[in-house]
Amino acid sequence: MMNPPPESEPAKVQPSTEQELALALLEREQLTGMRHAVPPRRKLSRGEKLLFWALRVYVLFMLAVVAYQIIIGLRLEH
């Protein structure tokens, strides 16, 4: 009769890729530290930067429109 592995030890799984193999070999503290690592920023192309700036301008414009509508609405109530 075989005894099941203790609860503190994770079940052994056969990794299918090199990355899974590397992750399976890491200790719990190393794995936790690796998961919290922040990847480096991605370099954006000129078009992507332009798109993000256009979105920022749009959001600011819409905030101004909403603020204006709230102010107009409050004035009309009085």
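A few remarks follow.
- Nitroxide proxy distance, nm - points 7 Å out along Cα→Cβ at residue 61 and residue 17: 4.1
- Segment residue 68-residue 44, length gained on full extension (0.36 nm per residue, minus Cα span): 5.2 nm
FYI, it's all coordinate maths here, none of it is from the lab. Here the structure is a predicted model, which means the values were calculated and not measured. Here the Cβ is made from the backbone with ideal geometry for all residues, glycine too, and neighbour counts use every protein chain on show.
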